[in-house]
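Below you'll find the structure, written out as structure tokens, and then a few comments.
The values are calculated or read from the model by the stated rules, or taken from the named source; none is laboratory data. These numbers were taken from a predicted model, which means no experiment stands behind them. Backbone-built Cβ (ideal geometry, glycine too); neighbour counts: all protein chains shown.
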Amino acid sequence: MNKLFSPAKTEILFMGNEAIARGALEAGVSVATGYPGTPSSEVIESLSEVARERNLYVEWSTNEKVALEVAAAASFAGLRSMCVMKQNGVNVASDFLLHLASSGTRGGIVLVTCEDPGALSSVNEGESRYFARMLEIPLLEPANIQEAKDLTKWAFELSEKIRNIVILRSVTRMSHASGNVICGKLPEKFRTARFISDGSFMDPMKGPVVSTPVVIKHSLQQKKMQKAAELFEKSPFNSYSGSRRPELLIITSSACFLYSREAINMLGLQRRVGILKLSCTWPLPAKLLNKYLRLTDKIMIVEEVLPFLEENIKVAAMGMLKDTGIKTFYGKMDKTLPSVGELNPDLVAAALSKVIKVKAKSLPASYVREIQKVATLIPPREQTFCPGCPHRASFWNINTALKLDGREGIVCGDIGCYAMASLWPAIGFHTVRTLHSMGSGTGLASGFAKLEDFGLNKPVMAVCGDSTFYHAVVPALINAQHNKADITFIVMDNAGTAMTGFQPHPGLNLSAMGEAVPAVDIAKICEAMGAKVAISDPFDLEETSKILTSFMAERGSLKVLIMRQICALSPEKKGKKKYQMKVNEELCLGEKCGCNRLCTRIFRCPALTWDRTKKKALIDEVICAGCGVCYSICPQKAIMKTEAEG
Amino acid sequence: MKVSLAKDPMNVIITGVGGQGNVMASRVLAGMLVNVGYIVTIGETFGMSQRGGSVMSHLRISSTSVLSPQIPQGRADIIIALEPVEALRVLIKYGNPAVAVLANSRMVYPMGVITGDFTYPSLDEIKSAFEKLTAHNWLIDATSVAVDLGNPVLSNIVMIGALAKTALLPIDRRSFKKEIMRNLSSDKRQISLTAFDVGTKML
């Protein structure tokens, strides 16, 4: 039995994202959509596994804006729906979100955003709480795994009470944390869809769903926010723990609540520091704040990443001075807490020690000295492309073509594992020189190609992954073609949204629910735009290099090369070696070769190591994926490949 | 039946290199403990962070409360390392004089070591660091026995078997079997049980 079906009252270990999925099921969600992105992907993934049994439609949409539109349609038809994305997905969806929040919604609809303070698996640590304020949408932030489930369920009820979308914000340390959850009841009845739109223009349940007349709808939206604030005042999801007269009051939300509680316990400050945990964080419940701000004059606000609560609580406190008196605030704005990166119990404890003047128990000095000695023994372990990763071969090809071309061409990068080609030390041979949002590499390349008249005369390339192509590259590529931008555009097609766990995308003939669907072909789209298109296998170094070199020599138009090879971690490939690799020690000349250890210094595959005693290359058979590419790079032909058995 | 913990909470860190089955090990271990009534909080990250890099799962095991998904520095009680240098990396941040370390001796060289920019410590240096920084430590070649069983990734289960033998946590063969019956597909159960048994015999 799938654990999302666990009967009511069962206590079970759920990942935060599974708890969110279970909460949605308990709320009777009918439609769930999203675009994969760490740390959000498991919400939709786990719902897709139970979709049939729970009469649920689940979709991986092309991008977050489309995902929100698909989910909103279900809400307009009276169903409950959910749309899930990572933090920067909210930026993508925000244009529609602005209009949706002003038109209002019908069936309960929740936008779940799972954010990544510290950018553990992102190229930004942006946050979307400010969207809630800017677009006037209620915001909820669960503070433990049980609450992730319970608050998700309540978010649907709130959305239906105010007839507007609600944002539920999680973070990596909540979404990817796991904990005990006591399950609630799963509904037995399912709703049917009905879209009524022939009523009066002003009827929110029967009229057309539009954001006009704007000023009147805007005023209605603000009334909804007032209603949400009233509900937040009484919500059991906001709670205080601590003494009646604490010296310091911590106001916190999300994972920072757990860090704060741990820091208080570590320092033995249970009687001296109180915690007001807010899980309803916009609009702020003013009466509740008024009550707790009176407890003490010192307030510390603990949150990730930007000082969202801090700013808003300070503004609210200004209006309550008569009741609460003057406060001293500690937080990010006065640098009591770091203003960037993620927090943890140690950082909160350090901040507490500054404000309260206590010291944490430290390790014995002799132990610390031993630690310092041992630390010098530990080599760093950087991220690399996996053994057998097609991207290593693709960038080898690109780098070779750039070197042969000799004009120091520019490569614009994009979002996926291949973004690591922009990292130092070299992964992907330092090929990628720009890295921004999804699809931006192609837009930037289109721009670089137009700088020739200003003196920038270099070949321009852009790389993107297959899922990224559909998400946001298509408009930039059309732009390049229409404006005659001379670029070589490369799709690293590894047959899935690999970085986030092989979710299907429009290029595959399989949907999130496992149904056969038509695949939308990248090559045909590019041909229809008028681009010259070629397809190659990046493991075939000779052929791929030839195409790239000829594309770079051809001036004045858009060229597209699709490098097609399945990800080494994909379920079809994982654990299956195509080739058995072996270094012929007689052929390998080691350090005397003159190649300057091309295989182990430059190619950089974790499975291709260096035998320090023999001073020759060595295959680590436990790690080797058997892709066979290193066979092609050895100038001595000392790396042998034979077809693997079975 | 729930027995009381040697300490509450027990802070366990499982570490290794991306692809070694760290997450699976943390789930199985946590599941075994939740099944007998403990409150477990796991903190971990996946995604790009696991591509060839160091990975870590933090487990907080308690009879009473939900804890932070990140263990404070210097406060690990048990470190289980699927790779020896990763044991050291965790030890210098989360170790304390009372910590116990169970480590797999099979090395996975970081890229910087393969290129020759860094050196990897010898097993003797690693053992001597364990002696100085831990109250108890065990170094076993879990990967070799896993390879003999047919798949190097089984080393994570071998390590859980060995952990059961240390008796540091209230886990045993029965609770392992119950957990894999619930969460592993039937084709993987027998081999996992064998890997667990082999692990218990390695200490």
Out of segment A:127-149, which residues are closer than 21 Å to A:LEU231 by Cα and surrounded by fewer than 22 Cβ atoms within 10 Å (Cβ to Cβ)? A:TYR130, A:ARG133, A:MET134, A:LEU135, A:GLU136, A:GLN146
How many residues does segment A:27-52 contain that are part of a helix (DSSP H, G or I) and surrounded by fewer than 21 Cβ atoms within 10 Å (Cβ to Cβ)? 2
Hey, any hits in segment A:464-472 for a residue that's part of a loop (DSSP other than H, G, I, E, B) and modelled with pLDDT of 95 or more? no
From the list A:ALA476, A:ALA495, A:ALA512, A:ALA519, exactly one residue is aliphatic (A, V, I, L, M) and assigned to a helix (DSSP H, G or I). Which is it? A:ALA476
Going by what's in this entry, would B:ILE160 be described as out of contact with any Pro (no Cβ under 9 Å at 6 or more places or on another chain) and buried (at least 22 other Cβ atoms within 10 Å of the Cβ)? yes
Taking the residues in segment B:34-43 that are more than 7 Å from chain A (Cβ to nearest Cβ) and touching a helix residue (DSSP H, G or I) at 6+ places or on another chain (Cβ under 8 Å) as candidates, determine which candidate is farthest from A:MET174 (Cα to Cα). B:VAL36
Which of the numbered conditions does B:SER128 fail, given that it passes all the others? Conditions: (1) over 29 Å from B:ARG174 (Cα atoms); (2) part of a loop (DSSP other than H, G, I, E, B); (3) of a type in the set (Ser, Thr, Tyr). (2)
Given the structure, is A:LEU4 part of a strand (DSSP E or B) and within 14 Å of another protein chain (Cβ to nearest Cβ)? no
For B:LEU59, are the conditions met, namely being more than 24 Å from B:SER128 (Cβ to Cβ), in contact with a Lys or Arg (Cβ under 9 Å, 6 or more places away or on another chain), buried (at least 23 other Cβ atoms within 10 Å of the Cβ) and in contact (Cβ under 8 Å) with a residue 24 or more places away in the chain? no
Within segment A:589-600, is even one residue closer than 27 Å to A:GLY501 by Cα, without any contact (Cβ under 8 Å) to a residue 24 or more places away in the chain and within 13 Å of chain B (Cβ to nearest Cβ)? no
Identify, from the list A:ILE410, A:ILE398, the residue that is away from chain B (no Cβ under 11 Å), in contact with a strand residue (DSSP E or B) (Cβ under 8 Å, 6 or more places away or on another chain) and surrounded by fewer than 24 Cβ atoms within 10 Å (Cβ to Cβ). A:ILE410
Applying the selection to segment A:533-570, what residues are within 28 Å of the chain's Cα centre (by Cα) and part of a loop (DSSP other than H, G, I, E, B)? A:PRO538, A:GLN565, A:ILE566, A:CYS567, A:ALA568, A:LEU569, A:SER570
Just checking, which of B:ALA135, B:ALA103 is out of contact with any helix residue (DSSP H, G or I) (no Cβ under 9 Å at 6 or more places or on another chain) and free of Cβ contacts under 8 Å to residues at least 40 places away in the same chain? B:ALA135
Do we find a residue being touching a strand residue (DSSP E or B) at 6+ places or on another chain (Cβ under 8 Å), among the polar types (S, T, N, Q), buried (at least 21 other Cβ atoms within 10 Å of the Cβ) and within 14 Å of another protein chain (Cβ to nearest Cβ) anywhere in segment A:229-251? no
Can you tell me which residue within segment B:65-90, out of those that are part of a helix (DSSP H, G or I) and within 7 Å of another protein chain (Cβ to nearest Cβ), is farthest from A:ALA143 (Cα to Cα)? B:VAL85
If we ask which residues in segment A:182-196 are at pLDDT 95 or above and more than 30 Å from B:TYR38 (Cα to Cα), their number turns out to be 6
For A:ASP116: the one exception among (1) surrounded by 24 or more Cβ atoms within 10 Å (Cβ to Cβ); (2) under 19 Å from A:MET134 (Cβ atoms); (3) touching an Asp or Glu at 6+ places or on another chain (Cβ under 8 Å): (2)
Quick check on segment B:147-156. Is at least one of its residues among the charged types (D, E, K, R) and either under 15 Å from the mean Cα position of the chain (by Cα) or surrounded by 23 or more Cβ atoms within 10 Å (Cβ to Cβ) (or both)? no
Hey, among the residues in segment A:428-465 that are within 16 Å of A:CYS526 (Cα to Cα) and touching an Asp or Glu at 6+ places or on another chain (Cβ under 9 Å), which one's surrounded by the fewest Cβ atoms within 10 Å (Cβ to Cβ)? A:GLY439
Going through segment B:185-200 one residue at a time, which ones are more than 11 Å from B:ALA164 (Cα to Cα) and of a type in the set (D, E, K, R)? B:ASP187, B:LYS188, B:ARG189
Going through segment A:134-185 in order, the residues found to be acidic (Asp, Glu) and either within 12 Å of chain B (Cβ to nearest Cβ) or in contact with a helix residue (DSSP H, G or I) (Cβ under 7 Å, 6 or more places away or on another chain) (or both) are A:GLU136, A:GLU147, A:ASP150
How many of the residues making up segment A:414-429 are in contact (Cβ under 8 Å) with a residue 12 or more places away in the chain and either assigned to a helix (DSSP H, G or I) or not aliphatic (A, V, I, L, M) (or both)? 11
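Yes/no matrix, rows are residues, columns are (1) of a type in the set (Asp, Glu); (2) at positive phi; (3) in the same structural domain as A:GLN636 (by TED's automatic domain parsing):
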{"position": "A:SER511", "(1), (2), (3)": "no, no, no"}
{"position": "A:ASP521", "(1), (2), (3)": "yes, no, no"}
{"position": "A:ALA534", "(1), (2), (3)": "no, no, no"}
{"position": "A:ILE547", "(1), (2), (3)": "no, no, no"}
{"position": "A:SER550", "(1), (2), (3)": "no, no, no"}
{"position": "A:LEU558", "(1), (2), (3)": "no, no, no"}
{"position": "A:CYS595", "(1), (2), (3)": "no, no, yes"}
{"position": "A:ARG601", "(1), (2), (3)": "no, no, yes"}
{"position": "A:ARG604", "(1), (2), (3)": "no, yes, yes"}
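Among the listed residues A:LEU352, A:LEU309, identify the single one that is away from chain B (no Cβ under 14 Å) and part of a helix (DSSP H, G or I).
A:LEU309
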Residues of segment A:337-388 satisfying the condition of being farther than 30 Å from A:SER570 by Cβ and among the β-branched types (Val, Ile, Thr): A:VAL340, A:VAL348, A:VAL355, A:ILE356, A:VAL358, A:VAL368, A:ILE371, A:VAL374, A:THR376, A:ILE378
Restricting the search to segment A:490-511, which residues are touching a residue at least 12 places away in the same chain (Cβ under 8 Å), closer than 23 Å to A:GLU64 by Cβ and among the hydrophobic types (A, V, I, L, M, F, W, C)? A:VAL491, A:MET492, A:ALA495, A:ALA498, A:MET499, A:PHE502, A:LEU508
Could you count how many residues in segment B:128-151 are more than 10 Å from chain A (Cβ to nearest Cβ) and of a type outside the set (Asp, Glu)? 11
